[in-house]
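The values are calculated or read from the model by the stated rules, or taken from the named source; none is laboratory data. Note that the structure is a prediction, hence the values are computed from the model and not measured. Backbone-built Cβ (ideal geometry, glycine too); neighbour counts: all protein chains shown.
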Amino acid sequence: MKNKKVLIIAIVAVVVVLAVVLGVALAGNNSDPTTTTPTKKPAPQTQTYKLGMGVAFGGHSATESNATVATVVLDKDGKIVACRLDVAQNKYGFDEDEEEVVFTRLETKMELKEGYNMKPASPIGKEWYEQAKAFEAFVVGKTAAEVEALTVVQNGSHWVSNDPVLSAGCTMDIVDFKAAVVKACKDEQGMSFETDKTFTLGLGINSANDSSSAEDEENYLVKMNVEFAASVVIGGKVVATVNDAYQPNITVEDGEVVLATVGTFAGQADKNNTFMTKRELKETYGMDAAHVDKNGDDVSLEWYLQSKAYSEHVVGKTAAEIEGLVADDALLEADCTIYIGGINAVVAESVTNAR
């Protein structure tokens, strides 16, 4: 009888404990057993990134000029987290009367899309823009050194990748892609930024016939202006941006078209081989020497420094705000007195193109 009492007491104790535990559980769940407590996700961590842009020149001739432009965003470890590519392949030649140089194409390869018409000749049936995007995706996670170390093999007149992953999506010549991406990674004039949000990256390129001067029908000059911009965008607004340009001259000498440069090359001997952008030229561009003082403070900054001031000024602005930007007091006080019409257009384009 005594053992039965002990057993009954023990059973009652267990029931009480279970009731208490169940009550606590239900109370902690708002007395609704069908609901669950959501798992708390860690707060996003603010990280530091750097935006850079690089231009590689190749394939210049009497009928076309080629500038391969790359922009990248690097993380704190120097690894690429985003990459965008495009090529300004500007074509020109004499008109049908063979009297005047005219441009026959100013759209970039990315803008042309199917109009570039690479797909019929592609062994993988991919258009130029599709293969460029495959290269962009392939370099994500890599450092400048790793991109530079990508091996290539000769295929006819092209140097293509022998990496099975890359060549599955990109069978084009990648020499200029590599060079432009490496330059973008090493861009000393890039812009750093911090964020804990997801961002997009855009690239814009605009080319135009800047001006011409004719001495006679056999000798004259057609100036071309090619502008580039890259922008990091969050919520439609610029977080970081850089812009650059180069200015090749299409020259007619004794009735023949040649491509030359004025102030945009490393040295006289290299003028038809090694082009340089305005940012790369720094003081060599010669704007400070001209001492254009538009705001009356007796200061005339070089082009690359004024470009930097502009980039800092447009942070936080949308594409529409940038397109309508004028040389206001804030820009003038930052000693940015260069013409900004073309810069506005290409930076706004880079914001619109962000993906």
Cβ-Cβ below 8 Å, separation at least six or inter-chain, first residue in the range 201-219 and more than 14 Å from Phe103 (Cβ to Cβ), second at pLDDT 95 or above and exposed (fewer than 15 other Cβ atoms within 10 Å of the Cβ): which pairs? Leu201/Arg355; Gly202/Arg355
Restricting to the range 37-77, what's the tally of residues that are in contact with a helix residue (DSSP H, G or I) (Cβ under 7 Å, 6 or more places away or on another chain) and either surrounded by fewer than 16 Cβ atoms within 10 Å (Cβ to Cβ) or aromatic (Phe, Trp, Tyr) (or both)? 0
Is it the case that Val292 is part of a loop (DSSP other than H, G, I, E, B), farther than 13 Å from Tyr246 by Cβ, at pLDDT below 80 and among the β-branched types (Val, Ile, Thr)? yes
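If you scan the range 60-74, which residues turn out to be among the aliphatic types (A, V, I, L, M) and part of a strand (DSSP E or B)? Give the steps one after another, and end with the answer.
As a first pass, look at the range 60-74 and keep what is among the aliphatic types (A, V, I, L, M): 62, 67, 69-70, 72-74.
Ala67, Val69, Ala70, Val72, Val73, Leu74 - these are the residues of the range 60-74 that are among the aliphatic types (A, V, I, L, M) and part of a strand (DSSP E or B).
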Looking across the range 90-121 at residues that are among the acidic types (Asp, Glu) and part of a loop (DSSP other than H, G, I, E, B), the single one that is farthest from Asp254 (Cα to Cα) is Glu107
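Identify, from the list Ala240, Ala208, Ala230, Ala245, the residue that is modelled with pLDDT of 70 or more, of a type outside the set (Asp, Glu), part of a strand (DSSP E or B) and surrounded by fewer than 16 Cβ atoms within 10 Å (Cβ to Cβ).
On the way: Ala240 fails: surrounded by fewer than 16 Cβ atoms within 10 Å (Cβ to Cβ); Ala230 fails: surrounded by fewer than 16 Cβ atoms within 10 Å (Cβ to Cβ); Ala245 fails: surrounded by fewer than 16 Cβ atoms within 10 Å (Cβ to Cβ).
The match here is Ala208.
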When you scan the range 110-127, do you find a residue that is surrounded by 19 or more Cβ atoms within 10 Å (Cβ to Cβ) and small (Gly, Ala, Ser), even just one? no
With (1) surrounded by 19 or more Cβ atoms within 10 Å (Cβ to Cβ); (2) in contact with a strand residue (DSSP E or B) (Cβ under 7 Å, 6 or more places away or on another chain) as the list, and Thr195 as the residue in question, which single condition is left unmet? (1)
